[in-house]
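A.B. asks: What follows is a structure written as structure tokens; I'll ask about it next.
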Amino acid sequence: PAGGSMSVVEHVREMAAAGLHSNVRLLSGLLLTMSGNNPELFSPSQKYQLLVYHADSLFHDKEYRNAVSKYTMALQQKKALSKTSKVRPSTGNAASTPQSQCLPSEIEVKYKMAECYTMLKQDKDAIAILDGIPSRQRTPKINMMLANLYKKAGQERSSVTSYKEVLRQCPLALDAILGLLSLSVKGAEVASMTINIIQSIPNLDWLSVWIKAYAFVHTGDNTRAINTICSLEKKSLLRDNVDLLGSLADLYFRAGDNKNSILKFEQAQMLDPYLIKGMDVYGYLLAREGRLEDVENLGCRLFNISDQHAEPWVVSGCHSFYSKRYSRALYLGAKAIQLNSNSVQALLLKGAALRNMGRVQEAIIHFREAIRLAPCRLDCYEGLIECYLASNSIREAMVMANNVYKTLGANAQTLTLLATVCLEDPVTQEKAKTLLDKALTQRPDYIKAVVKKAELLSREQKYEDGIALLRNALANQSDCVLHRILGDFLVAVNEYQEAMDQYSIALSLDPNDQKSLEGLQKMEKEESPTDATQEEDVDDMEGSGEEGDLEGSDSEAAQWADQEQWFGMQ
């Protein structure tokens, strides 16, 4: 339109449409002041528009509280507007129609308000404002946001209804499909909602398999989930898909197959150097393997990609945790949770740090929340059970382990977890033995089961059996802990030379492995028996030294809490 005939409000609208937010903010702010000083200056519909455009520019500047207050004023203005327009009967006047057509949508305003509320962590208010929109008028993004909010608030029935509504409107909304599966809606029912589209569009035949795969993921059937995703991944059209590789890596991790998990994460990362999702698990696995330098590099790389995601903070936290700097790990875990309250890995990190700092009750809260978010992940339960054992609540640990065994089914992992608890109680030693043998029949190479079985044999002083068990487990894999325990057993049967070899292999796999180092040092001292008595004292001191380190790291906390630059927040 020609400059002369445009009203000033139309200029504001044009600038808003052109994305000139800072300009809109200044001009609309001045115009709103004029309007306040002379209420006759602008019509109600113009005031409504000015308030919305002003609020949008505030939203764009991330000033969410201010934006909400302006959006609220805009909606009040709109109410006044609908009252006046109802009174005046339409005279078929052409001038009034374009005006009403280009008014910003009230529904869109409410959606923006809900976005502000979620940014301000006021989920209840976000739900309330979206809930107030009649269901016929809800757009797909409103249903999607509602579904996510309901799910987070634990209102599962409402969440399912909203996800289904999204799918009815957009049958290829894959995240809505994942939402339904995570709320234990049956895979077949979800697939039936997309069947028409699959049949009508070429090259979508993989979708029903995809749905099946994630149905297995959400019921905790890791083995079938892995097989199904592998079958998708082998299809030439979906080969090298980063999301599928990430899911595979995560599933191998859940199944306790860390070697394959690391391989798949590496593959995904090579395909997409900017990958963030799942990198927290990857960092944790590397840290557990003692590859702390790799963890540090991964953390730096992720901070360069984004410090607004939880993952880089969790990776740095794992580095601190496995370097025994627990209070720093705690701080980093808390920062990650602040960025993403759904980060299971962050909750586990913070929980483990609290537990190692002796704050077991606080740790328990974190592990429980992790279980609520990821009921199929065994490591969440393991963390909680370790807390119970640390605080000597063997009964609670037993109840929990039995529950996991019932809900996730009897597999090598759940059998081993239950056995771990049974080993803590003198009454259930035999039961532990039976469980571990069952686990090892299913998965002879499952490291956790091998370690626990070795612990049992060591108690019974059946060293030869232990040596056979460990050699067998090490036939197709190399693992620091297994080599170290084999070293301990060989010492017990006086095979010193080979024991030294095993400790050395363990240290080559994880140079930070304290116990292998102690094993080697003990053997070097065996050479000169006079030191034997002294050596006991050294052991005690080492124990107390670690505690001291913990205290020290707390006082150190003050120094770096203000030095944010350490976190890549230059």
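The values are calculated or read from the model by the stated rules, or taken from the named source; none is laboratory data. Here the structure is a predicted model, which is why all the values come from computation and not from measurement. Backbone-built Cβ (ideal geometry, glycine too); neighbour counts: all protein chains shown. Remember, those area values only see protein heavy atoms, side chains included, never the ligands or the DNA or RNA. Shrake-Rupley method; radii C 1.70, N 1.55, O 1.52, S 1.80 Å.
A.B. asks: Hey, among the residues in segment 58-102 that are closer than 17 Å to GLN46 by Cα and in contact with a Lys or Arg (Cβ under 8 Å, 6 or more places away or on another chain), which one's modelled with the highest pLDDT?
C.D. replies: Here the answer is TYR71.
A.B. asks: Still on this model: Scanning segment 152-190 for residues that are over 26 Å from the mean Cα position of the chain (by Cα) and closer than 13 Å to SER208 by Cβ, which turns out least open to solvent (accessible area, probe 1.4 Å)?
C.D. replies: By that ranking, first place goes to PRO171.
A.B. asks: Of all helices (runs of 4 or more DSSP H) completely enclosed by segment 393-448, which ones contain at least 1 residues that are among the acidic types (Asp, Glu)?
C.D. replies: 394-408, 429-442
A.B. asks: Right, next: State whether the residues of segment 229-239 include one that is at pLDDT 90 or above, farther than 22 Å from ALA439 by Cα and within 18 Å of the chain's Cα centre (by Cα).
C.D. replies: Scanning segment 229-239, I find no residue that is at pLDDT 90 or above, farther than 22 Å from ALA439 by Cα and within 18 Å of the chain's Cα centre (by Cα), so the answer is no.
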